[in-house]
Amino acid sequence: MYEKESYQVIGKPLMKVDALAKVKGETVYADDIFLPRMAYCKILRSPHPHARITRIDVGPALARPGVLAAITGRDLPVKFGILPPSQDDEALCQDKVRMVGDPVAAVAALDEETAEAALDHIIVEYEPLPALMTIEQALARPEVKIHAETRNGNIHKQVALEFGDVEAGFAQADHIREDIFYYEGNTHLPLEQHAAVAHYGPDGRLTLWSSTQTPHYLHRALSKVLELPPSRIRVIAAPVGGGFGGKSDPFSHEIVVCKLAMLTGRPVKITLTREEVFYAHRGRHPVLMWVKTGMRNDGSITAMHFRSYLDGGAYSSYGLATTYYTGALQTVTYPIQHYKFEGLRVFTNKPPCGPKRGHGTPQPRFALEVQLDKFAEDLEIDPAELRLRHLMPPNSKTANHLTVTTIGLGECIEKVVQASGFRERRDSLPPGKGLGLACGSYLSGAGVAIYWNDMPHSGVQIKIDRGGGVTVFCGSTDIGQGSDSVLAYLVAEELGIHPRDVVVVTADTDLTPVDLGSYSSRVTLMTGNAALAAVRPLRQMILNAAAEALELPPEALTLANGRVYNLDQPAYGLSFQEAVQRAEAKYGTLGSVGSYTPPPRGGDYKGAGVGPSPNYSYSACVLEVTCDLETGLYTVDKVWLAHDIGKALNPLLVAGQVEGSVYMGLGEAMMEEQVFRRGLHKIPSMLDYKSPTTLEMPEIEIFLVETHDPEGPYGAKEVGQGPLLPVIPALANAVYHATGVRVDSTPITPEKILKGLQARARGRDGRVGPTRLPAVDFPDPVRVPPPQTEVPA
Amino acid sequence: MKQLLTLNVNGERHEVWAAVHKTLLEVLREDLHLTGTKHGCELGECGACSVLIDGVPMLSCLVLPVEVQHSEILTVEGLAHNGQPHPLQTAFAELGAAQCGYCTPAMLLTAKALLDHNPHPEREAIRQALAGTLCRCTGYTKIIAAVELAAQGNPESAHV
């Protein structure tokens, strides 16, 4: 919807609206808030991965000088969680702890040191329980239930869906492969540690500033646990110092500081230590995958059977959705008529996994794209050709009832293949050098809200002052991706003014209409459409009023360059301010609202809520590596990435998201891993948890493909997450090309490559990766009939 | 136990009573309210708390203020001159080198130390200089480009 022929603001590499504040160090993050009489909170955490709490006494801590309050789970007994069906988070654990780092008690004191020292005086006695650290252990010990609520041992979620008839599909195949892959867990590692400040006013109103990506969902969780009406709670998302999905759950510390503020009558602040951030986690699920795919000799896929086993950690978080996401988007890139998905998520006694950039889709995309590389070799088809021959057509339905509107994947592949010389250079590279190709796709926002409701996903309110100032209110949350700027650009474009004349007020539940939050790459599309819906009536009112003054029909006028003027005689017109005053005289105070609800397009089977989106972005990546065949050490020399952005509202910000995605993808592909030893995080520090520095980052060449999607504002799609997806399999494929070693598990470390090189030197297969699957039976699948529109063959 | 400290920060002399064990990071943020200096680990690992001490980038979470009482301390708040942004600040803003903005103060100060010492660095020198400061948003690409742009002199705005 809403394309224009020419733009004044859209498509320009404009500065972000908050750029100068950020470079001047004036942006106020949650931990930068200091309020008069503010107290400091510290949380006592479990040293055990799994234990019953037999005694807890905060009395001695409370008796310490400077301690203002001390609370336990008895003070906050209501459970919460991000997804309505899995409310298993506790603000402070009441009867048992399920992981090292689980919160058990909290203290507010006059200063941070007093609070920390007081924790040593809280008496907690534990009765240790067996700790389940792996999927296999969780399945083997159903009697050691981590959550009493689970029906079947420690199985949190088990799903089996069959679209079409996979056995019939496999029967049509000329070639069938079965492969097992493992994707290691990793974490967001935002630079900013989570922080929150609560204030309970004399009017009985609670305000919480927090580094959160989802103030609306946090608002709901606070209301539930604190048993206060939402109308008396105000949540303000402070500018977020890095999110990547890690700040999109409601967290125990956010609830705890609110309770302590209510008990003490003082503002209370908490800032997690870096170690606590590692335990707060909610990051990438470790996923073991088995994929069986049938292919004809021409490279078309006849059927796919995909199984994923997710190690969920101690709590649900977004895990129900993650489980489905590991099976949802395999179908949107290449046609798969017959598709079966089986997924399993188990609880283990480790920090909970949740959504990290790409949420549940990088793992299966890694498996799928590496397997395609293996097929290309088996069938002696060029890997680019294999993909180009079999792309989802535009305006089509997938077997699992997802609607593909526009798809620029073919052009993306061509761009990176040509720029990298993939076709010409691949056969002539010396040993140790390799080129790998992979693709991916991601949704521009989840089509279904986290809690079931019929209300809009995003709302925007606009007020125009008679001085010509425009203020836009929206619940969306800028986590650095530039969502505040996107609101300003869209409104400025429509009103013909400069974005600097638009004030953006966001992420404040008292002031701004609801937006569901910065997750699932939904913001540009959803708030963008809501903003256009809000601004267009105002634009028309201004045009109408100016038309009367100029004695011309409104259609003869346009808004641009801060004026309203005649298209034929640009000198004849009014200033924007004059036109606004005419409009206010004609219509009264100028304001409007607009909202956006995604089209209801998914299937109607259970689980169909995960996967639908107004449109899908597409990415293709070629990656070049140089590997030392003696040691397995390698460098990534260059990355070419093309992204179908629909329409780049600001190419500078789009490029920034692509670069950040490539970086984060490389981090997980090359080195990042969140690993544990007897429940203790092995490397809970920024030194030991290796992430890429300037020295590891290769040159990135970016291509933006514009498909002008009818669903996006001015044709836009997402960019925050999709470009990460192809990077990981592209690295695996490049390493294979360079070394002959298939590393079917992430991270792709020199140690694994060396192991494969050594096996090859002994004449054995150079594959490194998992070889067996947990013993678990999946239920008979829910059989889902094909969608009304035919699935492309 | 508290101690009277005299600190020269951004060309201004501050006298502050602070607990002796407080780090420079804590005194800057909590006592002088210069919250532009950030922290990501408070263990000397992430680089987010870098400030310039006599022109040299130092991790303020590992510095005791008593040690730097006779030094010139520069924080991000002192980079602009009479409200006019430093060329590095302009370049970072124009190229989108600050996404979440949390590592930005440290990146700016570290880059300033480099450019003061080596006004026209090669890309490799920029990468080396910034290697101790982590950024999770940008992939460092725009940050390195912004340092190069600033090194070319006052960046002329190419943007609207």
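The values are calculated or read from the model by the stated rules, or taken from the named source; none is laboratory data. Small disclaimer: the values here were computed from a predicted structure and weren't measured. Note that we place each Cβ from the backbone using ideal geometry, even for glycine, and neighbour counts take in every protein chain shown.
Tabulated data
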quantity: Some residue of the stretch A:631-654 being without any contact (Cβ under 8 Å) to a residue 12 or more places away in the chain, out of contact with any Asp or Glu (no Cβ under 8 Å at 6 or more places or on another chain) and within 30 Å of A:G432 (Cβ to Cβ); calculated: no
quantity: Search result, residues across the stretch B:90-107 that are more than 7 Å from chain A (Cβ to nearest Cβ), more than 15 Å from A:L652 (Cβ to Cβ) and small (G, A, S); calculated: B:A106
quantity: Of the criteria (1) surrounded by fewer than 20 Cβ atoms within 10 Å (Cβ to Cβ); (2) in a loop (DSSP other than H, G, I, E, B), which one A:T406 fails; calculated: (1)
quantity: Search result, residues across the stretch A:1-42 that are of a type in the set (G, A, S) and within 25 Å of the chain's Cα centre (by Cα); calculated: A:G11, A:A19, A:A30
quantity: Qualifying residue in the stretch A:577-590 (condition: surrounded by fewer than 20 Cβ atoms within 10 Å (Cβ to Cβ), of a type in the set (D, E) and farther than 21 Å from A:G445 by Cβ); calculated: yes
quantity: Residues within the stretch A:219-274 that are out of contact with any strand residue (DSSP E or B) (no Cβ under 8 Å at 6 or more places or on another chain) and either aliphatic (A, V, I, L, M) or surrounded by fewer than 23 Cβ atoms within 10 Å (Cβ to Cβ) (or both), tallied; calculated: 8
quantity: Per-region count, the stretch A:654-675, residues within 11 Å of chain B (Cβ to nearest Cβ) and polar (S, T, N, Q); calculated: 2
quantity: Selected residue (criterion: nearest to the other protein chains (Cβ to nearest Cβ)) from residues of the stretch B:64-83 that are in contact with a helix residue (DSSP H, G or I) (Cβ under 8 Å, 6 or more places away or on another chain) and closer than 20 Å to B:A111 by Cα; calculated: B:V76
quantity: Residue match in the stretch B:112-127 (condition: touching a helix residue (DSSP H, G or I) at 6+ places or on another chain (Cβ under 8 Å), part of a helix (DSSP H, G or I), surrounded by fewer than 22 Cβ atoms within 10 Å (Cβ to Cβ) and basic (K, R)); calculated: yes
quantity: Residues of the stretch A:684-701 satisfying the condition of being facing another protein chain (nearest Cβ under 7 Å) and part of a loop (DSSP other than H, G, I, E, B); calculated: A:S685, A:M686, A:L687, A:S691, A:T693, A:T694, A:L695, A:M697
quantity: Selected residue (criterion: farthest from the other protein chains (Cβ to nearest Cβ)) from residues of the stretch A:1-46 that are β-branched (V, I, T) and touching a Ser or Thr at 6+ places or on another chain (Cβ under 8 Å); calculated: A:I43
quantity: Residue within the stretch A:266-286 that is within 14 Å of chain B (Cβ to nearest Cβ) and aromatic (F, W, Y) present; calculated: yes
quantity: Boolean, A:Y40 is of a type outside the set (A, V, I, L, M, F, W, C), assigned to a strand (DSSP E or B) and touching a residue at least 60 places away in the same chain (Cβ under 8 Å); calculated: yes
quantity: Some residue of the stretch B:130-147 being facing chain A (nearest Cβ under 9 Å), in contact (Cβ under 8 Å) with a residue 24 or more places away in the chain, farther than 16 Å from A:E659 by Cβ and surrounded by fewer than 24 Cβ atoms within 10 Å (Cβ to Cβ); calculated: yes
quantity: Qualifying residue in the stretch B:44-59 (condition: within 24 Å of A:T114 (Cβ to Cβ), of a type in the set (D, E), within 12 Å of chain A (Cβ to nearest Cβ) and outside any strand (DSSP E or B)); calculated: no
quantity: Members of the stretch B:12-43 that are in a strand (DSSP E or B) and more than 13 Å from chain A (Cβ to nearest Cβ); calculated: B:E12, B:R13, B:H14, B:E15, B:V16, B:W17
quantity: Those strands (runs of 3 or more DSSP E) lying entirely in the stretch A:585-662 with at least 3 residues modelled with pLDDT of 95 or more and farther than 21 Å from A:S485 by Cα; calculated: A:616-627, A:634-644
quantity: Residue ID - farthest from A:S223 (Cα to Cα), chosen from residues in the stretch A:99-142 that are among the charged types (D, E, K, R) and touching a Ser or Thr at 6+ places or on another chain (Cβ under 8 Å); calculated: A:E127
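Matching residues to (1) under 25 Å from the mean Cα position of the chain (by Cα); (2) surrounded by fewer than 24 Cβ atoms within 10 Å (Cβ to Cβ):
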{"residue": "A:V502", "(1), (2)": "no, no"}
{"residue": "A:D510", "(1), (2)": "no, yes"}
{"residue": "A:S518", "(1), (2)": "yes, no"}
{"residue": "A:R522", "(1), (2)": "yes, no"}
{"residue": "A:L525", "(1), (2)": "yes, no"}
{"residue": "A:G528", "(1), (2)": "yes, no"}
{"residue": "A:A534", "(1), (2)": "no, no"}
{"residue": "A:R539", "(1), (2)": "no, yes"}
{"residue": "A:A545", "(1), (2)": "no, no"}
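Rundown of residues vs (1) crowded, with 20+ Cβ neighbours inside 10 Å; (2) of a type outside the set (A, V, I, L, M, F, W, C), yes/no style:
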position: A:V719; (1), (2): yes, no
position: A:P726; (1), (2): yes, yes
position: A:G740; (1), (2): no, yes
position: A:D765; (1), (2): no, yes
position: A:V768; (1), (2): yes, no
position: A:T771; (1), (2): no, yes
position: A:V776; (1), (2): no, no
position: A:V782; (1), (2): no, no
position: A:P785; (1), (2): no, yes
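One line per residue, one yes/no per condition, for (1) away from chain B (no Cβ under 13 Å); (2) under 19 Å from A:G591 (Cβ atoms); (3) among the β-branched types (V, I, T):
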| position | (1), (2), (3) |
| --- | --- |
| A:T477 | no, no, yes |
| A:G480 | no, no, no |
| A:Y489 | no, no, no |
| A:A492 | no, yes, no |
| A:I497 | no, yes, yes |
| A:V502 | yes, yes, yes |
| A:D510 | yes, yes, no |
| A:V514 | yes, yes, yes |
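Condition check ((1) under 17 Å from B:C100 (Cβ atoms); (2) within 14 Å of chain B (Cβ to nearest Cβ); (3) under 20 Å from the mean Cα position of the chain (by Cα)) across all residues:
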| position | (1), (2), (3) |
| --- | --- |
| A:A171 | no, no, no |
| A:E178 | no, no, no |
| A:A198 | no, no, no |
| A:T207 | no, no, no |
| A:T212 | yes, yes, yes |
| A:Y217 | no, no, yes |
| A:V235 | no, no, no |
